[in-house]
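Following: one structure in structure tokens, then a few remarks.
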Amino acid sequence: DLEEKKYILIRDGDEEENELGGLFYKPLPCFGFGIGWLSFLVGFVFPFAWYFATFLYLTNYYRRDPRERSGLAASAIAALIFSVALVITVLVLVFSCR
């Protein structure tokens, strides 16, 4: 009964055996941060970077490298928060001038 339930050995393998071909062995672009996290950090100075990363997130850019997904999602959330704060600020300024 124990003979039937053998474990399968997972190989660490070379690049020839690896299906991904060493895709994730390369460092991320933008000084190793990735486009998403770099856009998130730069967005505090230039909020347009958050919208750029949001566009990349919505166009499934992270399918090229799934490690980019978290940074792009963080930038999309930051863009949403910034947009809501901007709309509230503009509404308060418009209605306070009356």
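What follows is calculated from the coordinates using simple rules that are stated; it is not laboratory data. Quick caveat, the model's predicted, so the values are computed rather than measured. Note that each Cβ is placed from the backbone with ideal geometry, even for glycine, and that neighbours are counted across all protein chains shown.
The mean sequence separation of alpha-carbon pairs under 8 Å and at least six residues apart, normalised by the residue count of region 30-95, gives a relative contact order of 38 percent.
Packing around the peptides 72-78, 86-92, taken as the average count of other Cβ atoms within 10 Å per residue, puts them in this order, highest first: 72-78, 86-92.
Which chymotrypsin sites (Phe, Trp or Tyr not before Pro) in region 32-98 pass both tests, a DSSP loop state and at most 13 other beta-carbon atoms within 10 Å? Walk me through the numbers before you get to the answer.
Numbers: sites: Phe33, Trp37, Phe40, Phe44, Phe48, Trp50, Tyr51, Phe52, Phe55, Tyr57, Tyr61, Tyr62, Phe82, Phe95; in loops: Phe33, Phe44.
For chymotrypsin sites (Phe, Trp or Tyr not before Pro) across region 32-98 that sit outside H, G, I, E and B with at most 13 neighbouring Cβ atoms in 10 Å, the list reads Phe44.
When a/c is below 1.5 the answer is rounded, else prolate if a/b is larger than b/c, else oblate, so apply that to region 30-95 with a ≥ b ≥ c taken from the square roots of the Cα gyration tensor eigenvalues. Judged from the Cα gyration tensor, region 30-95 comes out prolate (a/c at least 1.5, a/b above b/c).
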